[in-house]
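One structure coming up, written as structure tokens, with questions to follow.
Taken together, the values in this text are just the output of simple stated rules run on the coordinates, not laboratory data. Since this is a predicted model, take the numbers as computed values, not measurements. Please note: Cβ atoms are built from the backbone with ideal geometry, for glycine as well, and neighbour counts cover all protein chains shown.
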Amino acid sequence: MRRFLALWMPFWRTERLQLSRPGDFPTDRPLVVHALAHNRHTVTGVSPAALAAGLTPGMPLAQARSLVPDLLTAEEDAEAQRAALTDLCSWLIWLSPLPAFDAPDGLYSDTTGCAHLYGGEAAMLDLVRERLQARGHSCSVALSDTAAASRALARSGIDQICLVPPGQQKQALHPLPCSALPLPEKTLAGLTRLGLTTIGALADLPRAPLAKRFGAQLLTCLDEALGRQASPLSVFQP
């Protein structure tokens with residue numbers, strides 16, 4: 001049985017700036033990163049202080065500034081973020097020889113056969129989070145039989161650890177919202193209109209009507225999470 005770890009860094013965009021330019025971006029000041037989308041600047045990342053002030057990714061930058069007058073802002077630098085994530089992916093080789101990217105703010109690691117080196121799976125997850133925190137990054141980590149399930153579970157909450165026993169990913173995914181799967185907004189909106197709000201509700205439906213209404217991508221995402229289909233990973237190449 002293969003085992004895949006996924007880690008998500010919810011404050012990756014802002015932490016990168018706070019770590020590299022602490023004088024410009026002190027951690028006690030709310031900070032957001034923004035990018036141009038649909039002819040307006042939209043928040044793409046928030047710091048813990050900004051989140052505590054009620055700011056969230058996806059809101060217009062103008063709205064964020066109106067809510068937090070002393071807000072620090074920085075335009076997203078996708079190239080610098082990719083370079084920093086590449087450095088972190090290279091660092092993750094200490095865990096297993098097969099780290100992979102989950103851009104823009106996450107990583108994978110195929111940890112099959114590695115857990116005994118760290119005292120078991122629970123101890124391994126604790127160690128990954130501790131070492132990332134020592135590097136200045138908040139993170140959530142999850143481990144299951146599939147990379148897609150681990151990704152969904154890691155991204156279901158901030159600063160959490162989720163260890164799914166072998167063969168139990170369906171039960172673990174059951175209560176999660178459909179938005180935990182990497183689906184287009186249009187598909188998620190359509191599912192919501194039909195009252196399909198959880199992965200469990202989706203998994204119990206006949207496949208043919210789902211594919212006809214929403215396309216093959218929905219079934220692919222579901223199958224990858226449940227282990228019916230392998231997830232293609234962007235494995236780090238040193």
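Relative contact order (percent) for the chain, with alpha-carbon contacts under 8 angstrom and 6 or more residues of separation? Present the calculation step by step, with values, prior to reporting the outcome.
Values: 397 pairs, mean separation 50.8, N = 238.
The value is 21 percent.
Here's something else I'd like to know. When a footprinting reagent is the concern and you count Cβ atoms within 10 Å, what order do Ile199, Ile161, Ile93 take, fewest first? Walk me through the intermediate numbers first.
Working: Ile199 25, Ile161 17, Ile93 13.
Fewest-to-most Cβ neighbours within 10 Å comes out as Ile93, Ile161, Ile199.
Can I ask one more? So how compact is the stretch 106-238: Cα radius of gyration and Dmax in angstrom?
Gyration radius and largest Cα-Cα distance of the stretch 106-238: 15.9, 48 Å.
To continue, here is another question. Two decimals is fine: what's Rg over Rh for the chain, C-alpha atoms, Kirkwood radius as Rh? Spell out each step's value before the answer.
Details: Rg = 18.6 Å, Rh = 18.9 Å.
Using Cα coordinates only, the ratio equals 0.98.
For the stretch 151-196, state which trypsin sites (Lys or Arg not before Pro) are in a DSSP loop and have at most 16 other beta carbons lying within 10 Å of their beta carbon. If you can, show how the numbers build up before the last one.
Details: sites: Arg151, Arg155, Lys170, Lys186, Arg193; in loops: Arg155.
For trypsin sites (Lys or Arg not before Pro) across the stretch 151-196 that sit outside H, G, I, E and B with at most 16 neighbouring Cβ atoms in 10 Å, the list is empty.
Dipole size in debye (nearest 20) for the stretch 14-77 around its Cα centre, Lys and Arg Cβ +1, Asp and Glu Cβ -1?
Values: 5 positive and 7 negative charges, 28 e Å.
For this selection, approximately 140 debye.
Right, next: Taking the number of other C-beta atoms within 10 Å as the exposure measure, put Asp28, Asp145, Asp223 in order starting with the fewest. Numbers along the way, then the final one.
Details: Asp28 8, Asp145 21, Asp223 18.
If I rank by nearby Cβ atoms, fewest first, I get Asp28, Asp223, Asp145.
While we're on this one: What is the fewest-to-most order of Thr86, Thr44 by other Cβ atoms lying within 10 Å of their Cβ? Kindly include the intermediate steps, with their values, before the conclusion.
Numbers: Thr86 13, Thr44 21.
Starting with the residue having the fewest Cβ neighbours, the order is Thr86, Thr44.
According to a simple spin-label model (label point 7 Å from Cα along Cα-to-Cβ), what is the distance in nm between Gln168 and Gln63?
A separation of 3.9 nm, rounded to one decimal place.
Using a Debye calculation, one point per C-alpha and no hydration shell, please list log10 I(q)/I(0) for the stretch 1-113 at q = 0.14, 0.23 Å⁻¹ in order.
-0.61, -1.19
Continuing with the same structure: What residue among Leu55, His34, Thr187 has its Cα farthest toward the positive end of the dipole of the chain, where the charges are +1 on Lys, Arg and -1 on Asp, Glu, each on the Cβ?
Positive-most Cα among the choices belongs to Thr187.
Quote the convex hull volume per residue of the stretch 14-77, based on C-alpha atoms, as a whole number of Å³.
On the way: hull volume 4.4 nm³, N = 64.
So the per-residue hull volume is 68 Å³.
Separate question: How big is the stretch 172-226 by the Kirkwood estimate over distinct Cα pairs, in Å? Can you show the working numbers first?
Values: mean 1/r = 0.0913 Å⁻¹.
By the Kirkwood definition, the hydrodynamic radius is 11.0 Å.
Oh, and also: Among DSSP bridges having both ends in the chain, what percentage is antiparallel? Round to the nearest 5.
Details: 24 of 31 bridges.
Percentage antiparallel, nearest 5: 75.
Using the Cα centre of the stretch 21-169 as the reference point, and only Cβ charges (+1 on K/R, -1 on D/E), how large is the resulting charge dipole? Debye, rounded to the nearest 20.
Numbers: 10 positive and 16 negative charges, 43 e Å.
Roughly 200 debye, rounded to the nearest 20.
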